[in-house]
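K.L.:
If you scroll down you'll find the structure; I have some questions about it.
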Amino acid sequence: MKKAVSQVCPKIMVLLESEIWPGLLYALKQHGCITIIINGRITQKSLRRYLAWPLIWRTIRPDKIFAISEKDASRFAKLFGFNNVNVMPNIKFDRFGYTESLSDTSDTLKLIIAPGTYLIILGSVRQEEEPAVEKIILDIRRRQPDTVVGLFPRHLQRIKYWENALDSLSIPFILCSNAKAHVQPGTIILWDTFGELNFAYRHSKAAFVGGSLAPLGGQNFLEALTSGVIPVIGPYWENFYWVGNEIIKHGLVRIASDWREVADILIENTKKPSSHEDVLNKVLMYLKKRQGGTAQTCNIITEILNKKYKELSCNE
């Protein structure tokens, strides 16, 4: 670390989220480099592990810490001391905005999804939750046999598994790559192509976002929301706790306890689908109130660099 820092000679080091490396922090401190943590987050479990060597962290503490919540700020303060620990908006919110849109000209799904189709998307399905998703598909077909289901495995190597599983369950399906015209009601579209999940959300009446029916932390349900559909997720979504529980209270995400409840909510949403435009307006308002972290970070970095340059000019 000392060799790397001496070769780069940084004026400022910006560490993201939970990149707390003692060797690097020590080398930066020896070099006299300003170090800041932005979008900082630290779990209680990680804090307990770090506190096994409390004196080390006070010695190599960053100059400024900007955490994404009061709880994270409190944990950083326990580790490094309370000076210069602040809270900032999570910069991940800045990825989404009013300018974010998908071009209609690149939406090829209109060729295979007929207008008015009752389409349910099962997005980013992980291997560990496949048995539960099979039950969801069977339940939907039993209760709404004309529903078209778009099945998106999170990893394409699971396509073969799903081909065998759907065959064994005697469920008609078509690979997306083979679909050249409007699919028949009751068909499962098994997605074996890239880059079309957001378009599929736009066409859907309801959507489930995977990685959440098994303890995997969840996949990105904001993709569904910013496509105008209220997603259903399972109980495991800790990877996206940073979005905030308020999004649940606003009714923008539905949480199900198990596969049965997922199926119930999906069917409920197809019968009374929310307007995609209304959903999009609500979620963009939610996100807009929580944006600004990127601009704040840039201002902080600029101020530090300007101060450094003034100090250099005075010394010269």
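K.L.:
Would you please name the residue that is modelled with the lowest pLDDT, looking only at residues in the range 3-29 that are within 22 Å of TYR50 (Cβ to Cβ) and of a type in the set (D, E, K, R)?
P.N.:
Restricting to residues being within 22 Å of TYR50 (Cβ to Cβ) and of a type in the set (D, E, K, R), the top hit is GLU19.
K.L.:
Against the definition (under 23 Å from the mean Cα position of the chain (by Cα), closer than 30 Å to VAL279 by Cα and of a type in the set (Ser, Thr, Tyr)), how does SER46 come out, yes or no?
P.N.:
Values: under 23 Å from the mean Cα position of the chain (by Cα): yes; closer than 30 Å to VAL279 by Cα: no; of a type in the set (Ser, Thr, Tyr): yes.
Here the answer is no, as SER46 does not meet what is asked.
K.L.:
Cβ-Cβ distance below 6 Å, separation of 6 or more or different chains: which pairs start in the range 21-32 with a residue that is in a helix (DSSP H, G or I) and end on one that is of a type in the set (S, T, N, Q)?
P.N.:
Final answer for the pair search is LEU28/THR35.
K.L.:
Just a yes or no: is a residue in the range 50-63 of a type in the set (Asp, Glu), assigned to a loop (DSSP other than H, G, I, E, B) and farther than 30 Å from TYR309 by Cα? Reasoning before the result, please.
P.N.:
Filtering the range 50-63 down to residues of a type in the set (Asp, Glu) leaves 63.
Of the ones still in play, those that are also assigned to a loop (DSSP other than H, G, I, E, B) are 63.
Filter again for farther than 30 Å from TYR309 by Cα, leaving none.
No, every residue in the range 50-63 fails to be of a type in the set (Asp, Glu), assigned to a loop (DSSP other than H, G, I, E, B) and farther than 30 Å from TYR309 by Cα.
K.L.:
Which of (1) among the aromatic types (Phe, Trp, Tyr); (2) touching a residue at least 12 places away in the same chain (Cβ under 8 Å); (3) over 26 Å from VAL232 (Cβ atoms) is the odd one out, the single condition PHE96 does not satisfy?
P.N.:
Failing condition for PHE96: (3).
K.L.:
Consider ASN39 against the criteria (1) closer than 20 Å to PHE76 by Cα; (2) free of Cβ contacts under 8 Å to residues at least 60 places away in the same chain; (3) not hydrophobic (A, V, I, L, M, F, W, C): it satisfies all of them except one. Which criterion is unmet?
P.N.:
Exception for ASN39: condition (2).
K.L.:
Within the range 204-272, considering only helices (runs of 4 or more DSSP H) that don't extend past its boundaries, which have at least 2 residues that are at pLDDT 95 or above?
P.N.:
Details: elements: 222-225, 246-249, 259-271.
By residue number, 259-271.
K.L.:
Under 8 Å by Cβ, and 6 or more places apart or on different chains, what pairs join a residue from the range 206-232 that is closer than 22 Å to GLN144 by Cβ and without any contact (Cβ under 8 Å) to a residue 40 or more places away in the chain with one that is of a type in the set (S, T, N, Q) and not in a loop (DSSP other than H, G, I, E, B)?
P.N.:
Between residues of the range 206-232 that are closer than 22 Å to GLN144 by Cβ and without any contact (Cβ under 8 Å) to a residue 40 or more places away in the chain and residues that are of a type in the set (S, T, N, Q) and not in a loop (DSSP other than H, G, I, E, B), the close pairs are VAL232/ASN269.
K.L.:
All but one of (1) farther than 15 Å from ALA224 by Cα; (2) surrounded by 12 or more Cβ atoms within 10 Å (Cβ to Cβ) hold for TYR309; state the number of the condition that does not hold.
P.N.:
(2) is the only condition that TYR309 fails.
K.L.:
Then there is this: Provide a single number: the residues in the range 141-178 that are under 28 Å from the mean Cα position of the chain (by Cα), surrounded by 18 or more Cβ atoms within 10 Å (Cβ to Cβ) and touching a residue at least 60 places away in the same chain (Cβ under 8 Å).
P.N.:
Residues flagged as under 28 Å from the mean Cα position of the chain (by Cα), surrounded by 18 or more Cβ atoms within 10 Å (Cβ to Cβ) and touching a residue at least 60 places away in the same chain (Cβ under 8 Å) within the range 141-178 amount to 2.
K.L.:
Here's a follow-up. Output the residue which, of all residues in the range 25-43 that are over 28 Å from the mean Cα position of the chain (by Cα) and surrounded by 15 or more Cβ atoms within 10 Å (Cβ to Cβ), is nearest to LEU305 (Cα to Cα). Show your work before the answer.
P.N.:
In the first step, residues of the range 25-43 are kept if they are over 28 Å from the mean Cα position of the chain (by Cα); the result is 25-34.
From the residues that got through so far, the ones that are surrounded by 15 or more Cβ atoms within 10 Å (Cβ to Cβ) too are 25-29, 31, 33-34.
On the way: LEU25: 19, TYR26: 21, ALA27: 20, LEU28: 16, LYS29: 17, HIS31: 16, CYS33: 11, ILE34: 9 Å.
So, considering only residues that are over 28 Å from the mean Cα position of the chain (by Cα) and surrounded by 15 or more Cβ atoms within 10 Å (Cβ to Cβ), the one nearest to LEU305 (Cα to Cα) is ILE34.
K.L.:
Here's a follow-up. Taking the residues in the range 104-140 that are part of a loop (DSSP other than H, G, I, E, B) and surrounded by fewer than 17 Cβ atoms within 10 Å (Cβ to Cβ) as candidates, determine which candidate is modelled with the highest pLDDT. Full working, then the answer.
P.N.:
Going through the range 104-140, the residues part of a loop (DSSP other than H, G, I, E, B) turn out to be 107, 112-118, 126.
This time we only want the ones that are surrounded by fewer than 17 Cβ atoms within 10 Å (Cβ to Cβ), so: 107, 114-116.
Numbers: ASP107: 78, ALA114: 93, PRO115: 90, GLY116: 89.
The selected residue is ALA114.
The values are calculated or read from the model by the stated rules, or taken from the named source; none is laboratory data. Given the structure is predicted, the values throughout are model-derived calculations rather than measurements. Please note: Cβ atoms are built from the backbone with ideal geometry, for glycine as well, and neighbour counts cover all protein chains shown.
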